[in-house]
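**Student:** Once you've had a glance at the structure underneath, I'll fire off some questions.
The values are calculated or read from the model by the stated rules, or taken from the named source; none is laboratory data. Everything numeric in this text was worked out from a predicted model, so none of it was measured. Glycine also receives a Cβ, built like all others from the backbone with ideal geometry; neighbour counts cover every protein chain displayed. Just the protein is used for accessible areas: all its heavy atoms, side chains included, with ligands, DNA and RNA removed. Shrake-Rupley method; radii C 1.70, N 1.55, O 1.52, S 1.80 Å.
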Amino acid sequence: MHNVDIELVEMTLDVMKYAIHRITNESPEMGAPRKEEELKRQAGETITPSGIGGENAFRLFRNVLVKATVPIDHPRHLAFVPAAPTRAAIMFDLVTSASSIHGAYWMEGAGGIFCENEAMRWLVSLTGMPEGAFGVFTSGGTAANLSAIVTAREYWRKNRENQNKKGCIITSVGAHSSIKAMAKVIDADLLLVETDDLMTAEALQEKIDSLDENTMDRVFAVVATGGTTNAGIVDDLNGIAKICKELNLWFHVDAAYGGGALAADSVRHLFDGIEKADSVTIDPHKWLFSPYDCGAIIYRDPELAKAAHSQEGSYLDIFKDPGAQGFNPCDYQIQLTRRLRGLPLWFSLAMHGTDKYKWAVERGIELANLAGELISSRPELELVRPPGLSCVLFRRKGWSADDYKNWTYTNHRDGIALVTPSKWKTKESIETVARFCFINPDTTEEDIQVILDTMK
Ligand SMILES: Cc1ncc(COP(=O)(O)O)c(C=O)c1O
């Protein structure tokens with residue numbers, strides 16, 4: 001299994017050929033899921049005592065299984081938060097795997113961690129957070145949010161009076177589901193400011209004023225969103241920062257999706273106040289063109305994260321020894337053994353330069369505005385609200401929730417596009433609507449028109 005022989009060489013060439021073809025393919029086929037029984041029927045037994053051979057297994061993957069997946073970088077994949085890793089970043093993901101580097105401790109991963117930290121410095125600079133702020137790459141936004149919330153909770157519990165209290169976090173209805181899920185993981189209560197739209201300082205203050213003394217005493221953090229997943233809305237970060245400062249609450253900004261837009265001059269002002277955050281989540285695997293998986297968490301004071309996350313064990317003592325010292329990414333988030341998942345971003349940034357990143361993010365915003373204009377010009381369609389960052393919510397007049405669902409399935413089945421419905425909540429109603437999220441700079445006006453034509 002670990003031998004180098006002719007079979008391995010041939011396999012490597014096959015894999016490289018596939019990778020080159022896939023990386024350079026500008027119009028990958030829009031795959032679709034199939035029932036597990038069907039895949040089983042086509043694939044047969046793949047795990048057997050003597051193995052089915054690399055050639056067979058790879059043929060199955062190439063000819064059957066990969067076709068039952070949706071390429072995240074398809075220019076007409078505009079659902080959820082799609083992705084469009086740069087070709088350089090994907091190539092370097094291969095190099096990252098081939099290099100077999102443990103990315104937890106400087107002692108083993110110094111050269112690679114150095115690269116990650118170079119990319120991280122650029123991310124931190126986008127936030128405008130003060131000297132000393134720094135972060136690490138995580139498996140995604142959920143892990144980044146959890147790492148930040150644990151840090152905040154541990155910091156709060158440093159005060160002995162809080163040690164036996166159940167913590168409480170305030171966020172808005174528009175916050176991503178991972179905030180709610182991660183509050184559950186740490187057994188904290190979650191209080192919601194009732195808005196899918198922008199969380200203003202006034203709305204937050206109103207929520208705080210409505211709490212009894214006992215509940216308020218348990219609140220340790222406020223989570224604002226820097227680009228809601230549904231609509232690209234950026235909360236009032238300056239106003240929220242002010243309240244957090246006055247009340248001594250941890251201020252976390254979840255910019256997992258929207259964080260890429262910090263690079264875009266046209267919308268940077270929307271994020272004013274992010275520099276006052278105690279922690280910020282940004283996912284390079286969303287709008288900074290990294291392959292999965294690559295999130296990031298940045299702390300105003302990384303020492304607080306270290307106090308919360310650094311693991312102890314006799315087998316780990318050597319890493320704390322002065323002879324092995326350096327930056328240890330595992331000290332600042334929940335994961336110990338880790339892949340150097342920031343390396344593909346580093347390589348792509350180093351190769352292309354930050355100006356190209358600015359351009360590509362601006363292109364997503366431009367596409368959202370263009371889609372807004374095209375939607376407004378069609379009598380059967382209507383914008384629900386103006387585009388937010390690269391998200392567009394719109395309605396097809398007269399359609400029911402089922403019509404939107406059928407539209408999704410038909411387009412997907414016909415290989416036209418992956419576009420899914422969402423909901424828009426106001427105080428008065430919850431409406432099913434259509435949604436686009438633009439990430440891929442290769443998406444064209446024609447792609448948008450083709451999709452809108454399917455709503456006639
Ligand atoms: C605002 C926001 N936060 C967190 C997440 C979760 O990120 P991940 O899926 O990388 O864990 C998402 C995912 O879309 C998001 O949009």
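**Student:** Only one of (1) open to solvent by less than 60 Å² (accessible area, probe 1.4 Å); (2) farther than 20 Å from Ala104 by Cβ fails for Asn328. Which number is that?
**Tutor:** (2)
**Student:** Just to be sure before I move on: is Ile274 surrounded by 15 or more Cβ atoms within 10 Å (Cβ to Cβ), within 16 Å of the ligand (Cβ to nearest atom), among the β-branched types (Val, Ile, Thr) and closer than 26 Å to Leu94 by Cα in the structure I sent?
**Tutor:** Taking the combined requirement at face value, the residue does not satisfy it.
**Student:** Given (1) free of Cβ contacts under 8 Å to residues at least 60 places away in the same chain; (2) more than 11 Å from the ligand (Cβ to nearest atom); (3) within 16 Å of Ser125 (Cβ to Cβ), identify the lone condition not met by Ile298.
**Tutor:** So Ile298 meets the others, but not (1).
**Student:** Here are Lys180, Lys165, Lys158, Lys207: which of them is within 16 Å of the ligand (Cβ to nearest atom), over 18 Å from Asp272 (Cβ atoms) and among the basic types (Lys, Arg)?
**Tutor:** Only one candidate passes the filter, namely Lys180.
**Student:** Kindly list the number of the only condition in (1) open to solvent by less than 30 Å² (accessible area, probe 1.4 Å); (2) of a type outside the set (Phe, Trp, Tyr); (3) farther than 29 Å from Ala98 by Cα; (4) more than 30 Å from the chain's Cα centre (by Cα) that fails for Ala305.
**Tutor:** Every listed condition holds for Ala305 apart from (4).
**Student:** Right, something else. Would you be able to say whether some residue in segment 239-248 is within 16 Å of the ligand (Cβ to nearest atom) and either outside any strand (DSSP E or B) or touching a residue at least 60 places away in the same chain (Cβ under 8 Å) (or both)?
**Tutor:** Yes; the residues of segment 239-248 include at least one that is within 16 Å of the ligand (Cβ to nearest atom) and either outside any strand (DSSP E or B) or touching a residue at least 60 places away in the same chain (Cβ under 8 Å) (or both).
**Student:** Looking at segment 137-155, which of its residues are polar (S, T, N, Q) and more than 14 Å from the ligand (Cβ to nearest atom)?
**Tutor:** Thr151
**Student:** Let me ask you something else. Go through (1) buried (at least 23 other Cβ atoms within 10 Å of the Cβ); (2) under 26 Å from Asp93 (Cα atoms) one by one and return the number of the condition Lys358 breaks.
**Tutor:** If we test Lys358 against (1) buried (at least 23 other Cβ atoms within 10 Å of the Cβ); (2) under 26 Å from Asp93 (Cα atoms), just (1) comes out false.
**Student:** As an exercise: evaluate Ala371 against (1) under 17 Å from Ala83 (Cα atoms); (2) in a helix (DSSP H, G or I); (3) out of contact with any Lys or Arg (no Cβ under 7 Å at 6 or more places or on another chain) and give the number of the one condition it does not meet.
**Tutor:** Condition (1) is where Ala371 drops out.
**Student:** Look at Val280 and say whether it is under 26 Å from Gly140 (Cβ atoms), at pLDDT 95 or above, under 23 Å from the mean Cα position of the chain (by Cα) and open to solvent by 10 Å² or more (accessible area, probe 1.4 Å).
**Tutor:** So Val280 does not fit the description; no.
**Student:** Moving to a separate point now. Within segment 11-57, how many residues turn out to be touching a residue at least 12 places away in the same chain (Cβ under 8 Å) and touching an Asp or Glu at 6+ places or on another chain (Cβ under 8 Å)?
**Tutor:** 6
**Student:** Take segment 407-446 and flag every residue that is open to solvent by 20 Å² or more (accessible area, probe 1.4 Å) and among the charged types (D, E, K, R).
**Tutor:** Arg413, Asp414, Lys423, Lys425, Lys427, Glu428, Glu431, Asp442, Glu445, Glu446
**Student:** Just to check your reading of the model, which residue among Glu382, Glu428, Glu446 is charged (D, E, K, R), under 30 Å from Asp235 (Cα atoms) and not in a strand (DSSP E or B)?
**Tutor:** Only one candidate qualifies: Glu428.
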